[in-house]
Amino acid sequence: MNKRRDKLIEFLLHPPKWLCIAIWVFGVVTLAGSITLYYIGVGLEIWAVSVHVIAFVFVLLSIYAVLTLIGIPERAKDKPKVQKFFSSYSVRAFVYALCSVVFNICYVVFGVIIANVNRSPWLGVLVGYHVFLILPRFEVLWVTKVRGKGASGRNAEINQTRAYANCGLLLVMLAVALIPVINMVFNDMNNYRHFTSAIVYVVAIAAYTFTKLGISIYNFRRVHKQDDLSLIAVKNVSLTDALISVFMLQAMMLKELPGGENSISLMTTMNPIMGMAIVAAIFSLGVYMIVNGHKRLKALETQNMSNAGDTQADGGSDVETDEI
């Protein structure tokens, strides 16, 4: 198994030159094809999505091929931070959480601009939801990695527990912030035609949603076997994000059904039920985290007081011994 892994790493660090050339050629061809499809007016067709995706993948591979030729991955693999990233699950989890915060911030900035340009209340509500989605992850990162940097032992555990409880409160706030989104979906005010055709948007979001849901469920189950509450909080937020994405996907799919009484009935029934079920799940998860977090904090404070009392008692005994 180790030999296979070493061979794979060696291949990734030093791919054959002929393969790099083939990737560059294919990348240029697919990128040119993708641009051409937009130029001739068919770039938003459903069959064109595959061309755009292939072009995007091969452009990324072409960039990586250039990096391997100049030796950047080879030099990076020996860096302690890089090794720590690949060896530590918690480090990867917090890096991904930071990337999610950056992505949500970019979405908010971009969404504010587009919402103002299009005078779209729906995009404005989505921007507000993403603001509340930033806060739980930011709170965990701030309390544990910035303000609590360098803490160890009991102090680190207290920081993790406090971040966990605060994250629960912010999830409760996120659940409340979702209610206007559900209300607009119920009133058929959700619109997905600002950037591209709705069918392309739905297909892209469906692929993204189910991938994210599968990964978040796997991580949710894995992380709850550990004792790091800040790590659990981060993965709870990821699962929450995935559940909301499922609701958004359902709303989009029902929106695109052919008009008729059946489709209207489905929208007016399924969207509120699914939306409120997810709100209830997020709210319950947040309350559980608040209660569990404060219980843990009280237990830690009690242990600290007990340890402080034992230390004072030991100090008093030493003084008496010296006097004798």
**Prompt:** Does region 265-284 include one or more residues that are at pLDDT 90 or above, in contact with a Cys (Cβ under 7 Å, 6 or more places away or on another chain) and surrounded by 14 or more Cβ atoms within 10 Å (Cβ to Cβ)?
**Reply:** no
**Item:** First in region 252-280 and at negative phi and in a loop (DSSP other than H, G, I, E, B), second anywhere and of a type in the set (S, T, N, Q) and at pLDDT below 80, Cβ under 8 Å, 6 or more apart
**Value:** Leu257/Ser263
**Asked** Within region 188-228, restricting attention to residues that are hydrophobic (A, V, I, L, M, F, W, C), open to solvent by less than 90 Å² (accessible area, probe 1.4 Å) and at pLDDT 80 or above, which residue is nearest to the chain's Cα centre (by Cα)?
**Response** Leu213
**Item:** The one condition in (1) at pLDDT 80 or above; (2) over 19 Å from Lys235 (Cβ atoms) that Phe132 fails to fulfil
**Value:** (2)
**Fill in**
Restricting attention to region 97-110, the residues that are open to solvent by 50 Å² or more (accessible area, probe 1.4 Å) and in contact (Cβ under 8 Å) with a residue 40 or more places away in the chain number exactly 1
**Message:** Take the residues in region 285-303 that are aliphatic (A, V, I, L, M) and closer than 24 Å to Ala177 by Cα; name whichever of them is surrounded by the fewest Cβ atoms within 10 Å (Cβ to Cβ).
**Reply:** Val291
**Request:** Go through region 107-122 and count every residue that is closer than 24 Å to Phe186 by Cβ and over 21 Å from the mean Cα position of the chain (by Cα).
**Result:** 7
**Considering residues of region 121-160 that are farther than 20 Å from Asn304 by Cα, in a helix (DSSP H, G or I) and among the basic types (Lys, Arg) only, the residue least open to solvent (accessible area, probe 1.4 Å)** = Arg137
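The values are calculated or read from the model by the stated rules, or taken from the named source; none is laboratory data. In this text, all values refer to a predicted model and were calculated from it rather than measured experimentally. Counting neighbours? That spans all protein chains shown, and the Cβs are built from the backbone with ideal geometry, glycine included. SASA here: full protein model, heavy atoms, side chains in, ligands and nucleic acids out. Shrake-Rupley method; radii C 1.70, N 1.55, O 1.52, S 1.80 Å.
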